[in-house]
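The structure appears below as structure tokens.
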Amino acid sequence: MTSRQSTREADNLVRRYLAQLNAALQGVDASRREEILAEVHEHIEQGRDGLDTDDAADVRTLLDRVGDPAAIAAEAGAPSQDSRRWDAWAPWLIIFGPVASGLGWIAGILILWASPTWSRRDKLTATIVSPAGLVALFFGLVAALSAAAGCPGHAPAGCTTRGVTLPLGVAILLAVAGLAAHLLPPIHPMRTRRQQRFTFTDQPDEPSTGPARRKPGPLGANA
Amino acid sequence: MAEQCVLALLTTGEKYGFELARELGERGQIIASEGTLYPLLARLRRNGLVETSWRESTSGPPRRYYRLTGDGELALASFRKQWRVFRDAVDEILSEGSQE
């Protein structure tokens with residue numbers, strides 16, 4: 001193995017470690033999380049500067065000394081994994097809850113606010129903008145239908161549009177904007193969540209991941 | 001306890017995180033692992049017991065140095081007093097136990 005390859009492997013180890021730490025720190029507020037990540041990263045880089053050979057084995061030892069990301073997260077006051085188990089439901093309940101039944105929406109909002117996964121801003125946006133979008137969508141559709149029926153302006157008899165008299169284009173725009181405002185705030189948290197899932201699964205091949213895992217390579221002397 | 005140890009290490013002058021982590025890590029027992037020092041430092045800083053400044057280093061990028069604040073010195077002084085009382089009390093109890 002050339003030294004360049006070895007350095008690349010070491011870089012990957014560090015990157016994976018920081019991704020795990022980032023995932024473990026979810027729920028700690030963003031500025032503190034970034035501060036801790038930056039400092040741990042700096043610590044690792046300083047440690048690597050002091051190594052005679054910057055190869056994967058030495059970097060592994062270095063990372064062992066830095067310690068388990070979960071321990072660092074616990075010291076930072078990160079909430080445990082348990083508080084996130086309902087996360088997957090929240091966006092769906094917020095999107096379809098209001099249409100199906102109000103209770104679904106309330107459940108979605110409760111899950112959202114109880115979970116440490118999302119920032120306060122994401123929670124507020126999903127709680128306020130999403131229902132507002134649904135209202136806009138509803139009015140936009142009603143206005144578009146009545147405009148299409150030729151009601152606005154000189155309204156003939158039978159066209160009781162109750163003040164919803166928008167030009168067709170504006171009405172459609174309102175409906176589309178409403179739909180976007182309804183869907184995007186819950187979908188954005190869903191993406192955040194998926195990114196976290198990704199970093200969680202992106203773990204180095206450690207023997208501790210399970211006995212079924214076979215690892216080829218220099219350490220592959222498994223009996 | 002680890003927090004007070006960090007404050008005590010800073011009485012001899014400002015230090016950067018890596019230095020502190022190595023000093024604590026080498027003594028063992030005080031911190032679980034080197035990485036756990038950083039949330040601890042962040043907490044001390046938020047509580048105004050230490051402050052930080054960026055300094056150029058002779059090798060590599062600038063480093064964040066930690067130094068005690070006035071509040072930090074006060075907190076350490078009061079911990080020293082409490083610790084002596086606590087340690088004496090524990091010593092006494094342990095020695096009584098061993099005499100029987």
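The values are calculated or read from the model by the stated rules, or taken from the named source; none is laboratory data. This structure is a prediction, so every number in the text was calculated from the model and none was measured. All Cβ positions, even for glycine, are placed from backbone atoms using ideal geometry, and neighbour counts span all protein chains on display.
Miscellaneous remarks
- Residue count, region B:18-36 (criterion: at negative phi and more than 8 Å from chain A (Cβ to nearest Cβ)): 9
- For region A:110-126, residues that are under 16 Å from the mean Cα position of the chain (by Cα) and either farther than 19 Å from A:Gln26 by Cα or in a helix (DSSP H, G or I) (or both) total 11.
- Enumeration of residues in region A:39-58 that are more than 11 Å from chain B (Cβ to nearest Cβ) and assigned to a helix (DSSP H, G or I): A:Ala56, A:Ala57, A:Asp58
- Number of the condition not met by A:Pro98 [criteria: (1) within 14 Å of another protein chain (Cβ to nearest Cβ); (2) in contact with a Leu (Cβ under 7 Å, 6 or more places away or on another chain)]: (1)
- Residues in region A:24-38 that are assigned to a helix (DSSP H, G or I) and crowded, with 22+ Cβ neighbours inside 10 Å were compared, and the one that is modelled with the lowest pLDDT is A:Ala24.
- In region B:11-70, residue modelled with the highest pLDDT [restricted to those that are hydroxyl-bearing (Ser, Thr, Tyr) and assigned to a loop (DSSP other than H, G, I, E, B)]: B:Thr69
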